[in-house]
Each structure stands twice: as C-alpha cells, then as structure tokens.
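See structure below.
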Amino acid sequence: MPLLYRWTRSDAPLPQGYKLSDSNRILIIPNAKMEDEGNYTCHVLRVVGLVTASKSIYLVIQANPTFIIPLHDMHADEGSELIWRCEVRAKPWATYTWYKNSLTLTNVPREVEIRENVLWIRRLDKTRDSGMYQCIATNAFGSATSGAQLRVLSFKPNFVKNPLSPEILAGEGGNVTIDCAPEAAPFPDITWYKNGHDLKLIPGGDERVRMTIEGALVITKVNPADQGLYKCVATNINGESEMISMLTVASRVLLEVQRQNYKHGPGSFLQKGKTYNSTQHPQLTPH
C-alpha cells in the first residue's frame, strides 16, 4: 500500500513560498529567513490517514548582520544630551563598535558612554563632538556598517524668521497671545518686560498673565491696564536678542441708542431701541 508524506512546523505554519519534491518527502525553503527557524516534522501516513512514523528536525538559521535601525544624520544643540542607537538583526549575536571620523570611540568618564549599540554623550560640545559617526556590527558571518553626520549647533538667538508683530490689538475681556519664537542653539531663556519692567514670569505658570513652556506670553481676561509696550528678550550662552510689540486694548464701550428716530444724514435713520458695541458699525436703514 502506498505511503503519503506530510510536513508540519511546530507552533507555526510552513514558511511562505515553501516547495515539496520527491513525492513530498523533501521540503524546500527558498530564500530562508531567520523567522523560518523552528522545529519541522515529516509525517509518514498510509492512504487511510493513519500515521505510521514521523521524524523531527530543528532548523537553525544563522545570518550576517543586517541593520534594522540604521544611523541618520542629526542636528543637536550644544549642551544637550545625545542618545544615538543603531541595531542589527544577526545570528549569532553581533558585537558593536563605534567610530568618529574613522577613529574608534571609547568611554570617557562623565562625558561619553558606549553600551553595545547605544552611544550616549551627556553634554554635547560643538568642537569636540561634531563629525561623522559609524556603527559597525560584526558576527561570525560578516559585518555591516551604518554611518551618519552629527552637527552640533551653537548660535546667538535671532528673530529673522519669526519676528514679533510690532502692533497687536486685543479686545477688553478677551485673551491674547504674543509669540516669542527666536531661532537659537542652545534653546534660549525667555524673559518678558512690560514698559521696561521685568514681569518675572516662570515658564508654564497659570497666572492671568503667564508664559508658556515655549516662551509665548499669554494674557487672559484682558483689561485696559494690560496695554503697553512688551519686550521679549532671548538669551543663551552665545548672546541675546530682543524684540518689542505694542499691545493696544480696545475698550468694550456700549452705546445705547435712545428709543426714538435719529436722523443720520439725508434719507436714513438709526433703528430704535438698539444697543451697539463700540467695535461694531450701526446699520443704516433707508427712510
């Protein structure tokens, strides 16, 4: 009686694209991948479906390193922390070596620390740390290299791209935000002044007049006393820059039109019994 052959894989289906030959006695896995590793079993059956024998084999896939997290060019502020990571897929496990400008990087106490595939620079220095970096992963089957440039930025604050509006109009009782977003590296400290006096604002406060974490000035429930000249001063290790904006508060004066017809030029009058806001234009109705 003829025998039938069937292949199975423990805890997973057979790999995608597999082939069988020699009456299904041979299992072929084209372009085997690491995820194809596992326990495979060949079952021998009689025509009636009864298994008469089986044999298992564990397939181990080994491979040279292939990057799944390569390095990418980075821009970072001077004085900031850098954590740079690269990662490969490899079997057996790969070892990592870091290079800067073709020279091997090593640990520097309290400055640079290398933990396998992670490079940690505690406080970036423009002169010391700018350059071309490489992460090289190696195992018994080969190596892989990923490289990228680190540019450490350091310059004085400026308002070239994001100047303050020279004049801002706010309605009494409303809210107003004055943005202060200079370009700078490292990120600057922001100080706000009103009519030459330091407002002594702390980023992230919740007062009626407050400063956001990003440095914008926010005034809620605007009143006439808020009117004035506001100055944003941005400061970092490279210097400071400032810009000024004039805030004008529009009063909320209500005008009550008496309950009678008022002539307003030839052939027109204001409607009776209407209350107009000072920021609105009364509608004229032909008479």
If we keep only residues of region 118-158 that are touching a residue at least 40 places away in the same chain (Cβ under 8 Å) and in a loop (DSSP other than H, G, I, E, B), then the residue surrounded by the fewest Cβ atoms within 10 Å (Cβ to Cβ) is Ala140
Here the qualifying pairs (Cβ atoms under 7 Å; residues six or more apart or on different chains; first in region 5-33 and under 23 Å from Leu50 (Cα atoms); second among the small types (Gly, Ala, Ser) and surrounded by 12 or more Cβ atoms within 10 Å (Cβ to Cβ)) come out as Arg9/Gly38; Ser10/Gly38; Ala12/Gly38
Going through region 197-211 in order, the residues found to be part of a loop (DSSP other than H, G, I, E, B) and more than 12 Å from Cys232 (Cβ to Cβ) are Lys200, Ile202, Gly204, Gly205, Asp206, Glu207, Arg208
Selection from region 230-246 of residues in contact with a Leu (Cβ under 8 Å, 6 or more places away or on another chain) and either of a type outside the set (S, T, N, Q) or outside the structural domain of Leu169 (by TED's automatic domain parsing) (or both) yields Tyr230, Cys232, Met243, Ile244, Met246
Restrict the check to region 20-36 and report whether at least one residue is in a strand (DSSP E or B) and of a type in the set (D, E, K, R). no
Per the list (1) closer than 30 Å to Ala32 by Cβ; (2) touching a residue at least 40 places away in the same chain (Cβ under 8 Å), residue check on Leu82 breaks on (1)
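Whether any residue in region 113-127 is aromatic (Phe, Trp, Tyr), modelled with pLDDT of 95 or more and within 14 Å of Leu217 (Cα to Cα) is what I want to check. Walk me through it before giving the result.
From region 113-127, those aromatic (Phe, Trp, Tyr) are 120; that's our starting set.
Next, only the ones that are modelled with pLDDT of 95 or more stay: 120.
With within 14 Å of Leu217 (Cα to Cα) added as a condition, the list becomes none.
Looking for residues that are aromatic (Phe, Trp, Tyr), modelled with pLDDT of 95 or more and within 14 Å of Leu217 (Cα to Cα), one finds none in region 113-127, hence no.
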On the basis of being at pLDDT 95 or above and in a strand (DSSP E or B), does Val88 make the cut? yes
When (1) more than 15 Å from His72 (Cβ to Cβ); (2) touching an Asp or Glu at 6+ places or on another chain (Cβ under 9 Å) are applied to Gln149, the one that fails is (1)
Picked from region 38-79 (must be assigned to a loop (DSSP other than H, G, I, E, B) and touching a residue at least 40 places away in the same chain (Cβ under 8 Å)), the residue farthest from the chain's Cα centre (by Cα) is Val47
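The values are calculated or read from the model by the stated rules, or taken from the named source; none is laboratory data. What you are looking at is a predicted structure, and each value in this text was computed from that prediction instead of being measured. Cβ atoms come from the backbone with ideal geometry, glycine included; neighbour counts cover every protein chain shown.
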